[in-house]
Amino acid sequence: MGLFDKLKQATQSTNNSEATFVFTRLPESLEEMKALPEATLDTPFKAAALTLCALCAYAADASIGTEMLNFLRGPGGPMSPQDLSFLKDRFMDGKFYVPFSYFAGATPDNNYTPSEPFTVRITANSYSYQNEGYATLYIASGGADSPRPITLRKKESTNQWFLNQQSLLVGIREPKSSNPWA
């Protein structure tokens, strides 16, 4: 084994990696989502990127977002009444900006208006693949100090990754337009 092979092997064993996804426009229906190249779901990064798109769709139309999220859950089945209640609660009080805060350029100062095209960077670290068949990835928000986790589960028979759980809708800094102290 040559030096390059050893370096490559060492790098792979740390499981540190990242992926950046660029969307010229966000999908507005399940059919549009399924037409995206990421819909192959052959990496956990693709499933994570589409989950963010689905949460943005949910902010605009709960039924469309729910359809997308149910697709991304795959064999995990549709969201439970508790999952639906949680989502509804997260978007109460006009907090529709939260999922958009994960795209490049979105900050409290510009009311979480992302730059276009919509770009999201998703990272893994040395702990991302601790549990066999699962991946915990991280997405940074322009309104939070640390990246937020999203966990995906692999379906071995198809080599696809599906949404298991996400912590992307937790609190972030208020947008400037809503902050009386800004």
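Computed from the coordinates by the stated procedures, all read-outs in this text should not be read as laboratory data. Just so you know, these numbers come straight off a predicted model, no measurement behind them. Cβ sites come from the backbone with ideal geometry, for glycine too, and all protein chains shown count toward neighbours.
Output the number of residues of the stretch 116-128 satisfying the condition of being part of a loop (DSSP other than H, G, I, E, B) and either over 18 Å from residue 19 (Cβ atoms) or in contact with a strand residue (DSSP E or B) (Cβ under 8 Å, 6 or more places away or on another chain) (or both). Can you show your working first?
Narrowing the stretch 116-128 to residues part of a loop (DSSP other than H, G, I, E, B): 116-117, 125-128.
So of that shortlist, the ones also either over 18 Å from residue 19 (Cβ atoms) or in contact with a strand residue (DSSP E or B) (Cβ under 8 Å, 6 or more places away or on another chain) (or both) come out as 116-117, 125, 127-128.
Final tally of qualifying residues: 5.
Go through the stretch 144-157 and report how many residues are assigned to a loop (DSSP other than H, G, I, E, B) and in contact (Cβ under 8 Å) with a residue 24 or more places away in the chain. If you could, list the steps in order and put the result at the bottom.
Let us first name the residues in the stretch 144-157 that are assigned to a loop (DSSP other than H, G, I, E, B), namely 144-147, 156-157.
Filter once more, keeping what is in contact (Cβ under 8 Å) with a residue 24 or more places away in the chain: 144, 147.
Number of matching residues: 2.
Limited to the stretch 158-169, what total is found for residues that are over 13 Å from residue 41 (Cβ atoms) and either without any contact (Cβ under 8 Å) to a residue 24 or more places away in the chain or in a strand (DSSP E or B) (or both)?
So the first thing to find is which residues in the stretch 158-169 are over 13 Å from residue 41 (Cβ atoms), and the list is 165-169.
If we keep only those that are either without any contact (Cβ under 8 Å) to a residue 24 or more places away in the chain or in a strand (DSSP E or B) (or both) too, we end up with 165-167.
Within the stretch 158-169, residues that are over 13 Å from residue 41 (Cβ atoms) and either without any contact (Cβ under 8 Å) to a residue 24 or more places away in the chain or in a strand (DSSP E or B) (or both) number 3.
Could you give every pair whose Cβ atoms fall below 6 Å, whose first residue belongs to the stretch 61-75 and is of a type in the set (D, E, K, R), and whose second residue is assigned to a helix (DSSP H, G or I), counting only separations of at least 6 or pairs across chains?
From the stretch 61-75, the pairs are 67/30.
Name the residues in the stretch 149-168 that are surrounded by 14 or more Cβ atoms within 10 Å (Cβ to Cβ) and either closer than 11 Å to residue 74 by Cα or of a type in the set (Val, Ile, Thr) (or both), would you?
Once the filter is applied, which keeps residues that are surrounded by 14 or more Cβ atoms within 10 Å (Cβ to Cβ) and either closer than 11 Å to residue 74 by Cα or of a type in the set (Val, Ile, Thr) (or both), the stretch 149-168 yields 150, 151, 152, 153, 154, 155, 160, 161, 162, 163, 164.
Kindly indicate whether residue 141 is surrounded by fewer than 18 Cβ atoms within 10 Å (Cβ to Cβ) and in contact (Cβ under 8 Å) with a residue 24 or more places away in the chain. Full working, then the answer.
Details: surrounded by fewer than 18 Cβ atoms within 10 Å (Cβ to Cβ): no; in contact (Cβ under 8 Å) with a residue 24 or more places away in the chain: yes.
For residue 141, the condition - surrounded by fewer than 18 Cβ atoms within 10 Å (Cβ to Cβ) and in contact (Cβ under 8 Å) with a residue 24 or more places away in the chain - is not met.
Look through the stretch 106-115, keep the residues that are part of a loop (DSSP other than H, G, I, E, B) and within 16 Å of residue 146 (Cα to Cα), and return whichever of them is farthest from the chain's Cα centre (by Cα). I'd like the intermediate steps shown before the answer.
Step one: list which residues in the stretch 106-115 are part of a loop (DSSP other than H, G, I, E, B), which gives 106-107, 111-115.
If we keep only those that are within 16 Å of residue 146 (Cα to Cα) as well, we get 106-107.
Details: 106: 15, 107: 17 Å.
Top of the filtered list is 107.
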